[in-house]
Amino acid sequence: MKDGEFEITLVSPGSPELASKYRAELDAVSDRWEYWDIETQGRLFPVTRMRHVFASEPIPVASDRSSAGASLVARELARQPDIVVLDFPHCAVLVPERIDVPSVVFTHNVEAEIFRRHIDVAWNPFIRQLWRSQTRKMEEFEGRTLARFDAVVAVAERDARAFADHYGIEDARVISTGVDLEFFDFKPPAPAGCALFLGSMDWLANIDAMNWLMDDIWPLICAAKPDARLKIVGRNPPDALVNRAKSRRLNWEFTGFVEDVRDHVGDVAAFIIPLRVGGGTRIKVFEAMAMGMPVISTSIGVEGLPLVEDEHYLCADDAESFARMTFDVMSNDDLGRKLSATANGFVRENFSSVRAAREFEQICVSVLDGGADSARQAREIG
């Protein structure tokens, strides 16, 4: 949206070091960046965060509360912007209950759906009950929060339907996923290369995926291909997961946070997404396809994306099928190149970031033309 209809002020956590390090990136997406200081999270943060289990809000939402963040947002609202956009419903804890300018909330998932799926995969009865409690809190928070804004933007038609079915949000807008096609340039998959998983490793859905891969899928892959390698690219891999992989002598590499994922894909033959928990759309799927990596995924891993199974990706929802398809792609260069070329062409034809930005900009313009409270009032009347 930069250099379009709006002058953009970005408000987020930050630091002087980040401002200096990412100046070019910040200038590319915003005209002005205002930040509040990032709160230091020590090694005990995952434990101390659990105090929020007793909060009325779900733990991830309660954890996002920040007096410094709320104060900065209040100062920026006092400047009377034409429109306010929240990225993720969680950000609503930083804004007043009523915003007297047109407002948009951009959703990336159906958050309560992700929580419900954690109930299904939790093996510990206590953890399962905790997820039930958290799911109820997230359903209440998500429904109440989405109704506060003039427009709700979803990244998949199925998400928009879920908002209508569960929360009565009948007018959610949907925009296509956008990929920076110049940044994520195409390279053919590496012959006899490794498998790659990409995702933040402090997200519970990704941790569950790696545990399932380690316990049920990877042994089957190694039985057919003893030299199989896996690269896990993503910040903050849990020590417990890393140590389990080491104790089993798995040929797994945990990179942790990386500045540029493109530096780590040159030897990749297969991009794997063994997600059992998740929601929304997967921008990383399209980015992988843009870079030429063949994709093997569960149904949940590509949920919400208009992809054709066996043409754009291979789908496997059980351990045996996932292992077999991953082995096939890692061992059959022709299969990998065919999937790569077809998926890459599909993404480049339909999902540029420029198109997505213009779609979102038009939503903002239409909300601005309608004025504050228009959609909220319509929902109340309906």
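The values are calculated or read from the model by the stated rules, or taken from the named source; none is laboratory data. As the structure is a computational prediction, the values presented were derived from the model and not from experiment. Cβ: placed from backbone, ideal geometry, glycine included. Neighbour counts: every protein chain shown.
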Among the residues of region 142-179, count how many are in a loop (DSSP other than H, G, I, E, B), more than 24 Å from Arg358 (Cβ to Cβ) and of a type outside the set (A, V, I, L, M). 3
Here the residues within region 296-306 that are at negative phi and either touching a residue at least 60 places away in the same chain (Cβ under 8 Å) or not in a loop (DSSP other than H, G, I, E, B) (or both) are Ile296, Ser297, Ile300, Gly301, Val302, Glu303, Leu305
Residue tally, condition closer than 22 Å to Asp185 by Cβ and part of a loop (DSSP other than H, G, I, E, B), over region 261-280: 3
Taking first residues from region 1-28 that are over 17 Å from Leu86 (Cα atoms) and of a type in the set (Ser, Thr, Tyr) and second residues anywhere that are at pLDDT below 95 and in a loop (DSSP other than H, G, I, E, B), the pairs with Cβ under 9 Å that are 6 or more apart or on different chains are Ser15/Ile38
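Every residue, every condition in (1) modelled with pLDDT under 95; (2) part of a strand (DSSP E or B); (3) aliphatic (A, V, I, L, M); (4) buried (at least 16 other Cβ atoms within 10 Å of the Cβ), yes or no:
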| position | (1), (2), (3), (4) |
| --- | --- |
| Leu86 | no, yes, yes, yes |
| Asn109 | yes, no, no, yes |
| Arg132 | no, no, no, no |
| Thr135 | no, no, no, yes |
Can you tell me which residues in region 1-41 are touching a Ser or Thr at 6+ places or on another chain (Cβ under 8 Å) and assigned to a loop (DSSP other than H, G, I, E, B)? Lys2, Ile8, Ser30, Asp31, Ile38, Glu39
Out of Asp227, Asp215, sole residue that is under 18 Å from Ala319 (Cα atoms) and out of contact with any strand residue (DSSP E or B) (no Cβ under 9 Å at 6 or more places or on another chain): Asp215
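Conditions (1) farther than 13 Å from Arg262 by Cβ; (2) touching a residue at least 60 places away in the same chain (Cβ under 8 Å); (3) in contact with a Ser or Thr (Cβ under 7 Å, 6 or more places away or on another chain); (4) outside the structural domain of His118 (by TED's automatic domain parsing), marked per residue:
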{"site": "Arg173", "(1), (2), (3), (4)": "yes, yes, no, no"}
{"site": "Phe186", "(1), (2), (3), (4)": "no, yes, no, yes"}
{"site": "Pro189", "(1), (2), (3), (4)": "yes, yes, yes, yes"}
{"site": "Trp203", "(1), (2), (3), (4)": "yes, no, no, yes"}
{"site": "Asp208", "(1), (2), (3), (4)": "yes, yes, no, yes"}
{"site": "Asn211", "(1), (2), (3), (4)": "yes, no, no, yes"}
I'm trying to understand the selection: among the residues of region 307-332, which are in a loop (DSSP other than H, G, I, E, B) and closer than 11 Å to Ala343 by Cα? Leu307, Val308, Asp310, Glu311, His312
Checked Glu157, Glu142, Glu97 against criteria (at pLDDT 95 or above and either of a type outside the set (Ser, Thr, Tyr) or touching a helix residue (DSSP H, G or I) at 6+ places or on another chain (Cβ under 7 Å) (or both)); the one match is Glu142
